[in-house]
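Take a look at the structure below.
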Amino acid sequence: MHNKSVAELSRELESGRISSVELTQQFLDRLKTEDGKYNSFITISEEQALAEARAADEMRAAGKATVWTGVPFAHKDIFCTSGIRTSCGSKMLDNFVPPYDATVTANFKAAGAVCLGKTNMDEFAMGSSNESSFYGAVTNPWGLSGGDKRVPGGSSGGSAAAVAARLVPAATGTDTGGSIRQPAALCGITGLKPTYGRVSRYGMIAFASSLDQGGPMARTAEDAALMLNVMAGHDPKDSTCIDREVPDYTATLNEPLKGLKIGLPKEYFSDQLAPAMEEQVRNAIREYEKLGATVKEVSLPNAKLAIAAYYVIAPAEASANLSRFDGVRYGYRCEDPKDLMDMYTRSRAEGFGNEVKRRILVGSYALSAGYFDAYYLKAQKVRRLIQQDFINAFREVDVLMSPVSPTPAFKQGEKNTDPVSMYLEDVFTIAINLAGIPAMSVPAGFVDGLPVGLQIIGDYFSEARLLNAAHQFQQVTDWHQREPQ
Amino acid sequence: MSISREDIEKVAVLARIKVDGEQVSALEKDLGNILDLVDQLSAADTDSVEPMAHPLDAVQKLRPDVVTETNQREAFQAIAPATEDGLYLVPRVIE
């Protein structure tokens, strides 16, 4: 059962060949025996999962089942889950059991899905290797046979590794600068960052509020579509969430791609990209040509400024968002504070890890008196230039295609001592968040036995078209079905 | 662009994060490198460009000014480090 997709598991449940309780127990048993190799979960919520499975079986018996009813999945540990510890990968929230559900959590519950637990992640979603988690690094299921432990990417590295290792068929992720797409690429699964405002951020612990967006991580585009059907939609509890009709993302998966106009941003096929990676990406694009698409080169002249703009905007917003962790209302409080200031400064010094502290300090600096215009305002202006590049490109083409990451999965410990070299890992993904447009990572080949992702970038609210393009590719390729050995 | 030890100490106070001497040295290097990266922005010509706060230039939605939330003080305070009589406890501020 563990090799089946969400769509296939849903059909198994519907046929009555297996109950949700049986299915959930099988997945839990496998998760408990297998995850020692990957550390992809922070919390396994066995008791709640079995209760949800029993409720799902009753829901089905009452004739009220949805596609998701009884299907197991997992949440990145950034989505608040009522009664289940939500740590955001941090010591700061090691003891935090939310009294409420995120909207995304509530949506999956309403559909009858069964949450097996919470997946590991970089602390407060800050990282590209899942090495900054308080709960330890996650190991990529790929590359283990070579004797090296490799990173799964980050920050949604636990979700990506769990899906790749067949511990769950699907998991939620969040993407602020590439945190769904890059781990999806490095673990050989399918991930989608939706348009900013498509999925509610309510109850999704905030990192950079103008960039954060939740989205699906699964093995197939079809399963990602099934997830987005549940995740997307307006939410009065998130004032930045867009009030716009949600299509059935599965309805258009089988549209033919004949005539699809693909743009290749020349800046994304630069010397930063390893040649072996480029070959795989170009092979994938040739498959699209066989499916009837046409290809032309386009330019995103300001894309080179994306990392610089991001490392002002994201830390600035993080410094404001993370000011709420003060040891007063929830989360970590230091022992024996001698006064209020000591309580704040030590709780935060002891509760946050190094990367989080670095970003809070950079952000506080960029927002401090005398620097606001030079940093934050300047970065927001550059952000508009970057957005304009994409708007111009989408006047000529339907989608853009590029690599997701400059290299395949690197070894644990290889980049985590130099923050800037880690930041460059997101060179092809960050501009998309700044523009607020949607993009996917789709398995597109291997280099040295490690997965390579193809990035498909679309205009605002073109998630259906991206999923269609990914699904059609997956009908003629089998990269997404390869299993780590 | 470099950042001085004094700047780091000042910003650590603003950010309410305690840092010791050794950490300041490490931060001097790391934050200096990050600010070097960010410095590429100064080369961009943004004279007539409006800053972008929301990708779709959406504005805050208003709702009727009526109570919609119920009081959940007990649920919220159950997860607090220290409370008494429905209040959050912190170290004494006024002697």
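The values are calculated or read from the model by the stated rules, or taken from the named source; none is laboratory data. Just so it is clear, the structure is predicted and the values come from calculations on it, not from any experiment. Here the Cβ is made from the backbone with ideal geometry for all residues, glycine too, and neighbour counts use every protein chain on show.
A few notes on this one:
- Answer residue from the stretch B:61-95, given it is not in a loop (DSSP other than H, G, I, E, B) and not hydrophobic (A, V, I, L, M, F, W, C) and is nearest to the other protein chains (Cβ to nearest Cβ) among those: B:TYR88
- Here B:ILE8, B:ILE3 are screened, and the one residue that is in a helix (DSSP H, G or I), β-branched (Val, Ile, Thr) and touching a Leu at 6+ places or on another chain (Cβ under 6 Å) is B:ILE8.
- For the criterion of being of a type in the set (Asp, Glu), at the interface with another protein chain (Cβ under 10 Å from one of its Cβ atoms) and loosely packed, with under 13 Cβ neighbours inside 10 Å, B:GLU22 fails.
- Restricting attention to the stretch A:309-333, the residues that are at the interface with chain B (Cβ under 8 Å from one of its Cβ atoms), in contact (Cβ under 8 Å) with a residue 24 or more places away in the chain, among the hydroxyl-bearing types (Ser, Thr, Tyr) and in a helix (DSSP H, G or I) add up to 2.
- The single condition among (1) more than 21 Å from A:ALA276 (Cα to Cα); (2) surrounded by 24 or more Cβ atoms within 10 Å (Cβ to Cβ); (3) polar (S, T, N, Q); (4) away from chain B (no Cβ under 14 Å) that A:ASN433 does not meet is (4).
- Number of the condition not met by A:GLU289 [criteria: (1) without any contact (Cβ under 8 Å) to a residue 12 or more places away in the chain; (2) away from chain B (no Cβ under 11 Å); (3) closer than 15 Å to A:MET126 by Cβ]: (3)
- Residues of the stretch A:43-63 classified as free of Cβ contacts under 8 Å to residues at least 24 places away in the same chain and of a type in the set (Lys, Arg), total: 0
- Candidates A:PHE108, A:PHE27, filtered to the one that is crowded, with 24+ Cβ neighbours inside 10 Å and within 30 Å of A:GLY331 (Cα to Cα): A:PHE108
- Under the condition of being of a type in the set (A, V, I, L, M, F, W, C), over 18 Å from B:GLN23 (Cα atoms) and surrounded by fewer than 21 Cβ atoms within 10 Å (Cβ to Cβ), the residues counted in the stretch A:339-370 number 4.
- Checking B:THR46 against (1) more than 7 Å from chain A (Cβ to nearest Cβ); (2) in contact with a helix residue (DSSP H, G or I) (Cβ under 8 Å, 6 or more places away or on another chain); (3) of a type in the set (S, T, N, Q), the condition it does not meet: (1)
- Subset of the stretch A:40-66 [of a type in the set (A, V, I, L, M) and within 22 Å of the chain's Cα centre (by Cα)]: A:ILE42, A:ILE44
- Lone qualifier among B:LEU31, B:LEU37 - being without any contact (Cβ under 8 Å) to a residue 24 or more places away in the chain, facing chain A (nearest Cβ under 7 Å) and assigned to a helix (DSSP H, G or I): B:LEU37
- The residue list A:ARG60, A:ARG17 contains one member that is surrounded by fewer than 16 Cβ atoms within 10 Å (Cβ to Cβ) and either aliphatic (A, V, I, L, M) or more than 19 Å from A:ALA171 (Cβ to Cβ) (or both), which is A:ARG17.
Residue by residue, here is whether (1) touching a Lys or Arg at 6+ places or on another chain (Cβ under 7 Å); (2) more than 10 Å from chain B (Cβ to nearest Cβ); (3) within 30 Å of A:GLY89 (Cβ to Cβ) holds:
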| site | (1), (2), (3) |
| --- | --- |
| A:SER368 | no, no, yes |
| A:ARG384 | no, no, no |
| A:GLN388 | no, no, no |
| A:ALA393 | no, yes, no |
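- Residues of the stretch A:338-366 satisfying the condition of being closer than 24 Å to A:GLY89 by Cβ and either basic (Lys, Arg) or not in a helix (DSSP H, G or I) (or both): A:ARG346, A:ARG348, A:PHE352, A:GLY353, A:LYS357, A:ARG358, A:ARG359
- In the condition set (1) surrounded by fewer than 23 Cβ atoms within 10 Å (Cβ to Cβ); (2) among the β-branched types (Val, Ile, Thr); (3) under 16 Å from the mean Cα position of the chain (by Cα), A:VAL151 is compliant with all but (1).
- First in the stretch A:249-267 and touching a residue at least 12 places away in the same chain (Cβ under 8 Å), second anywhere and part of a loop (DSSP other than H, G, I, E, B) and polar (S, T, N, Q), Cβ under 8 Å, 6 or more apart: A:PRO265/A:SER299; A:LYS266/A:SER299; A:GLU267/A:SER299
- Selection over the stretch A:95-113 of residues that are away from chain B (no Cβ under 12 Å) and more than 13 Å from A:TYR202 (Cα to Cα) gives a count of 6.
- Residue that is farthest from A:ILE360 (Cα to Cα) [pool: residues in the stretch A:111-161 that are among the β-branched types (Val, Ile, Thr) and assigned to a loop (DSSP other than H, G, I, E, B)]: A:THR139
- Residue that is without any contact (Cβ under 8 Å) to a residue 60 or more places away in the chain, over 30 Å from B:ILE94 (Cβ atoms) and surrounded by fewer than 19 Cβ atoms within 10 Å (Cβ to Cβ), where the choices are A:ASP373, A:ASP336: A:ASP373
- Meets criteria (outside any helix (DSSP H, G or I), more than 9 Å from chain B (Cβ to nearest Cβ) and modelled with pLDDT of 95 or more) for A:GLU297: yes
- A residue that is in a strand (DSSP E or B), charged (D, E, K, R) and surrounded by fewer than 24 Cβ atoms within 10 Å (Cβ to Cβ) cannot be found anywhere in the stretch A:165-186.
A quick yes/no check of all residues on (1) more than 9 Å from chain B (Cβ to nearest Cβ); (2) at pLDDT 95 or above; (3) at positive phi:
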site	(1), (2), (3)
A:ARG358	no, yes, no
A:VAL399	yes, yes, no
A:VAL404	yes, yes, no
A:GLU414	yes, no, no
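- Test: residue in the stretch A:62-74 that is in contact with a Phe, Trp or Tyr (Cβ under 9 Å, 6 or more places away or on another chain) and farther than 28 Å from A:THR240 by Cα: yes
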